[in-house]
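Peer 1: Next up is a structure, given as structure tokens.
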Amino acid sequence: MEVEKFYYDNKIVKNFLYATMLWGIVGMSVGLLIAFMFMFPNLTDGISWLSFGRLRPLHTNAVIFAFVGNAIFAGVYYSLQRLLKARMWSDALSKFNFWGWQLIIVSAAITLPLGITTSKEYAELEWPIDIAIALVWVAFGVNMIGTILKRRQRHLYVAIWFYLATFVTVAVLHIVNSMEMPVNFLKSYSAYAGVQDALVQWWYGHNAVAFFLTTPFLGLMYYFVPKAANRPVYSYKLSIVHFWSLIFIYIWAGPHHLLYTALPDWAQSLGVAFSVMLIAPSWGGMINGLLTLRGAWDKVRTNPVLKFMVVAITGYGMATFEGPMLSLKNVNAIAHFSDWIIAHVHVGALAWNGFFAFGMIYWLVPRMFKTNLFSTKLANAHFWIGTLGIIIYALPMYVAGFVQAFMWKQFEPNGQLTYGNFLETVHEIMPMYWMRAIGGTLYIVGMVLLLYNIIATIRKGNAVTDELAEAAPLQKVTSKRTAKEGYHTWLERRPVKLTIYATIAILIGGAVQIIPSLMVDDYVPKITSVKPYTPLELEGRDLYIREGCNNCHSQMIRPFRSEVQRYDWTSDKQYSKAGEYVYDHPFLWGSKRTGPDLHRIGGKYSDNWHFNHFYDPQTVSEGSIMPSYRWLISDELDKSNTEAKMNALVSVGVPYTEEEITKAQELMLAQGIAIENNLLNDPDFVKSYEADKMAAQQSGASFVEMRNREVVALIAYLQRLGTDIKIKTNDEVSSQ
């Protein structure tokens, strides 16, 4: 049989490997910085683009899409060519994939610290970058499918099934969740509102974890673990069951992020049911990966690559056991909004994604540079330091989560909350935050060891950009299934059909959840007293989003006695209702409470209290770990786009009238003056304000009236929260 010679493209793999290591250091360093901000809230005091609320989404995006994303591309481009016995279909598309992805990462690194964000978790990037992500992702998929079609290996190996499912599902998730109404080049509003937006976002958010952080890495596991161990995959049949059950079940589980919220009960229950079922395919994959090492455990003791991979797969198993457990309502009632979730997420990120990426890098680089690893001892040191870092990071966060949850829910015999001041819980868990920072430091130290080891390995090796290979061309055979051929074996040589079936499997769950929320009119019960935000409140809400306040504060009072008593300060004592969010584009329910919930904050404190709280929160609330936001007090509010914002919101269903839009500037000025007058009731404020005015006059600088400053708009928004549905008590009614 004639054998064809061809060349594997190693350059694209090396580029993605270099990017993985670079962005890994950057993303983890940002994470370590914000971990230290919990102990030193004034660490970046006065620097708006280094505030916690802006850096937190930068950290998550850098780790997920820059570090893990580049590792995925590196592993896929290496393994796909060798599994298919073919060079990538288009070198140009490979380069476009690489440089386009790096440009997206740089765009995120610029826009997020500037406060240019949609606020939707793991999808914070604004609409022009969303379009760029879609284009680059499609280029990756076209290149992958083109390579599959010109392959020299007939059957598609299990790793490729996972790659195809990843491409299709991430594309669907990204497009659906990124439906936005642009205001200008740097601002948009979600096409969905309130409850619908929350459901779509966490359908995306959960499955971004599933189909970006899990399925591609499972594909890499099926390739690199057998290669590193020099053993075949434990069970071909188990891999089939693992793949199809995982991609079908995973897509349904998103609503478990929204238990006890304003989401309809049927959607919550659906999410719980499929989340519990998810443990079976998840552990099936873990078992298949670990048992592939049967007979190779002696190698594990000495081979750092296998050490990293074993801990990675074990971390995957732990995280995928914990996920279904956290979806149980009684467990979720304790864990949600607490640091338990931080621990859970980082077991998956640090162990599963991080350690597997490290093992893959240690295996790939020596082979691509035709040499041995510079230092096995350094790699082993990295493994033990990194493992210790994970333990010291995760265990204190679990403890912190339990402490928070039980303190939040504890009552005195007289029915009062034992810890009525939210800050009491913050003070109690500060030692755990110190431990987290130490664990994160150790993890990064390990990453630095990897970087040194890999650079030294590269220097002593020889790069092979185009690696020579040979294989027989693919022979044509009947497309029909033969008598002795298993159905799945037949499907493995039909890539188009396999992709279509995988697409159908992931679309079923998405359609059942998403379509009713968007099409059924009574999905969200209406509350007639709920009105759209005024122009100034709208601008304040956008500032709230810009500063990332939802990273620390929720806006969702769950139907628990402890939460209603703690967060609804009025006599009504109500939990949050779905109808309160019908004009929220996007929703701002949050996923972590570092500070108290704000959904009923309106009217609880005076305008002066809020002003002073932004100026110096640690003076107003003793022991607070909230940093100051003094730029809000000094900066002028940009009102130039208010009418455009209102028109954009009209396009997605907010009932602003033409008159309200026309008079937006007048309405903002009137409301701003009212808040300014309230602030002037404070003698200390008057003295400071007059001093600033006099200093500006003496220096010839322009002076911005308080009514036109950003802080006034943000105060207007906070004072509005929860005031639409205040219900009069019987005593109040009878007294009128």
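Peer 1: Explain nothing, just the number: relative contact order of the stretch 396-473, from Cα pairs under 8 Å at least 6 residues apart, as a whole percent.
Peer 2: Averaging sequence separation for qualifying contacts and normalising by length gives 27 percent for the stretch 396-473.
Peer 1: Related question: When the label point is put 7 Å from the Cα of D522 along its Cα-to-beta-carbon vector, which residues of the stretch 562-580 have a backbone N closer than 19 Å?
Peer 2: Taking a point 7 Å out along Cα→Cβ of D522, the residues of the stretch 562-580 whose backbone N falls under 19 Å are 577-580.
Peer 1: When the solvent-accessible surface of protein heavy atoms is calculated with a 1.4 angstrom probe, in what order do T478, T528, T169, T503 fall, highest first?
Peer 2: I get T528, T478, T503, T169, largest accessible area first.
Peer 1: While we're here: Would you mind calculating the relative contact order of the chain from Cα pairs under 8 angstrom and at least 6 residues apart, reporting the percent as a whole number?
Peer 2: Once divided by the residue count of the chain, the mean separation gives 17 percent.
Peer 1: Contour minus end-to-end for A471 and R231, with contour as 0.36 nm per residue of separation and end-to-end as the Cα-Cα distance?
Peer 2: Stretched out fully, the A471 to R231 stretch lengthens by 84.2 nm.
Peer 1: Using the alpha-carbon centroid of each, what span in Å lies between the stretch 523-544 and the stretch 548-611?
Peer 2: 14 Å
Peer 1: Against the longest principal axis of the chain, how steep is helix 356-368, in degrees 0 to 90 to the nearest 10, with axes from Cα atoms?
Peer 2: 40 degrees
Peer 1: State the extension gain, in nm to one decimal, for the chain segment bounded by E660 and F321, taking 0.36 nm per residue of separation less the distance between their alpha-carbons.
Peer 2: Net length gain for the segment: 116.8 nm.
Peer 1: Output the 0 to 90 degree angle, nearest 10, between the alpha-carbon long axis of helix 158-177 and the longest principal axis computed from the alpha carbons of the chain.
Peer 2: On a 0 to 90 degree scale, this one is about 20.
Peer 1: Give me the lysines in straight-line cross-link reach of K592: C-alpha distance below 29 Å, same-chain residues under 8 apart excluded.
Peer 2: K120, K187, K329, K409, K526, K531, K573, K577, K604, K645, K726
Peer 1: With every protein chain kept in the model, how would you rank I661, I455 by accessible area, 1.4 Å probe, largest at the top?
Peer 2: The ordering from most to least exposed comes out as I455, I661.
Peer 1: Sticking with the crude label model, points 7 Å out along Cα→Cβ, report the distance from T482 to R82 in nm, one decimal please.
Peer 2: With each label point 7 Å from Cα toward Cβ, the separation is 2.8 nm.
Peer 1: Along the charge dipole of the chain, Cβ charges K/R +1 and D/E -1, which of T320, W203, Y77 sits furthest on the positive end?
Peer 2: The listed residue farthest towards the positive side: Y77.
Peer 1: What number, rounded to the nearest 500 deg cm²/dmol, is the helix-based mean residue ellipticity at 222 nm of the chain, given -39500 (n - 2.57) per DSSP H run of at least four residues and division by all its residues?
Peer 2: Only helices count here, giving -20000 deg cm²/dmol.
Peer 1: Show me the trypsin sites (Lys or Arg not before Pro) within the stretch 486-553 that DSSP assigns to loop and that have at most 16 other Cβ atoms within 10 Å of their Cβ.
Peer 2: K526
Peer 1: Would you check the accessible area of H59, probe 1.4 Å, heavy atoms only, in square angstrom rounded to 10?
Peer 2: Its heavy atoms expose roughly 40 Å² to the probe.
Peer 1: For T418 and S571, what does the FRET efficiency come to when R0 = 30 Å and r is the distance between their Cβ atoms, rounded to the nearest 0.05?
Peer 2: Computed FRET efficiency for T418 and S571 comes out at 0.90.
Peer 1: Whole angstrom only: what separates the Cα centroid of the stretch 28-92 from the Cα centroid of the stretch 686-727?
Peer 2: Rounded to whole Å, the Cα centres lie 37 Å apart.
Peer 1: Once Lys and Arg get +1 and Asp and Glu get -1 on their Cβ, which of V106, V136, L149 lies farthest toward the positive end of the dipole of the stretch 105-155?
Peer 2: L149
Peer 1: For the chain, what is the charge dipole size about the Cα centre, in debye to the nearest 20, if Lys and Arg each add +1 at the Cβ and Asp and Glu each add -1 at the Cβ?
Peer 2: For this selection, approximately 4460 debye.
Peer 1: Measure nothing but the geometry: give the 0 to 90° angle between the long axis through the Cα atoms of 535-546 and the longest principal axis through the Cα atoms of the chain, rounded to 10°.
Peer 2: Helix 535-546 sits at roughly 40 degrees to that axis.
Peer 1: Sequence gap at least 6, Cα distance under 8 Å: using those rules, report the relative contact order of the stretch 335-482 to the nearest whole percent.
Peer 2: 37 percent.
Peer 1: At R0 = 35 Å, how high is the FRET efficiency between D635 and A134 if r is their beta carbon distance? Nearest 0.05 is fine.
Peer 2: After rounding, the FRET efficiency stands at 0.55.
Peer 1: Under a point-charge model restricted to the Cβ atoms of Lys and Arg (+1) and Asp and Glu (-1), what is the dipole moment magnitude of the stretch 537-641 relative to its Cα centre, in debye to the nearest 20?
Peer 2: So the magnitude is around 560 debye.
Peer 1: Next up: So which GluC sites (Glu not before Pro) in the stretch 589-667 are both in a DSSP loop and have at most 14 other Cβ atoms within 10 Å of their Cβ?
Peer 2: In loop regions of the stretch 589-667 (DSSP not H, G, I, E or B), the sparsely surrounded GluC sites (Glu not before Pro) are E622.
Peer 1: List, in order, the whole-Hz ³J(HN,Hα) value for each residue of the stretch 33-38 obtained from phi through the Karplus relation with A = 6.51, B = -1.76, C = 1.60 and θ = phi - 60°; use x for Gly and Pro.
Peer 2: 4, 6, 5, 6, 5, 5
Peer 1: Let me ask you something else. Heavy atoms only, 1.4 Å probe, whole protein assembly: order K531, K484, K592, K329 by accessible area, highest first.
Peer 2: K484, K531, K329, K592
Peer 1: Shifting gears a bit: With the crude spin-label approximation of a point 7 Å out along Cα→Cβ, what separation in nm comes out for F402 versus L328?
Peer 2: The answer from the label model is 1.5 nm.
Peer 1: Between the DSSP loop rule and a limit of at most 12 other Cβ atoms within 10 Å, which chymotrypsin sites (Phe, Trp or Tyr not before Pro) in the stretch 124-190 are left?
Peer 2: F185
Peer 1: Roughly speaking, to the nearest percent, how much of the chain's 1.4 Å accessible area is carbon and sulfur?
Peer 2: Its accessible area is 63 percent carbon and sulfur atoms.
Peer 1: Determine the per residue accessible area of the chain with all protein chains present and a 1.4 angstrom probe, expressed in square angstrom.
Peer 2: Ligands and nucleic acids excluded, the figure is 39 Å² per residue.
Peer 1: Multiply the residue separation of M694 and F6 by 0.36 nm, subtract the distance between their alpha-carbon atoms, and state the gained length in nm to one decimal.
Peer 2: 240.0 nm
Peer 1: Ok, one more. If you take the charge dipole of the chain about its Cα centre, with +1 on Lys and Arg Cβ and -1 on Asp and Glu Cβ, which of G219, V331, T570 is farthest toward its positive end?
Peer 2: Positive-end residue among those listed: G219.
Peer 1: What FRET efficiency would be calculated for the residue pair Y452, I725, taking the C-beta separation as r and a Förster radius of 51 Å, to the nearest 0.05?
Peer 2: 0.30
Peer 1: Return the whole-Å distance between the Cα centroid of the stretch 310-345 and the Cα centroid of the stretch 394-430.
Peer 2: After rounding, the separation between the Cα centres reads 20 Å.
Peer 1: With +1 assigned to the C-beta of every Lys and Arg and -1 to the C-beta of every Asp and Glu, and no other charges, what is the dipole magnitude of the stretch 586-736 about the Cα centre in debye, to the nearest 20?
Peer 2: 420 debye
The values are calculated or read from the model by the stated rules, or taken from the named source; none is laboratory data. Source: prediction; values computed, not measured. Ideal geometry is used to build each Cβ from the backbone, glycine not excepted, and the neighbour counts take in all protein chains shown. Ligands, DNA and RNA are excluded from the accessible area calculation, which covers all protein heavy atoms including side chains. Shrake-Rupley method; radii C 1.70, N 1.55, O 1.52, S 1.80 Å.
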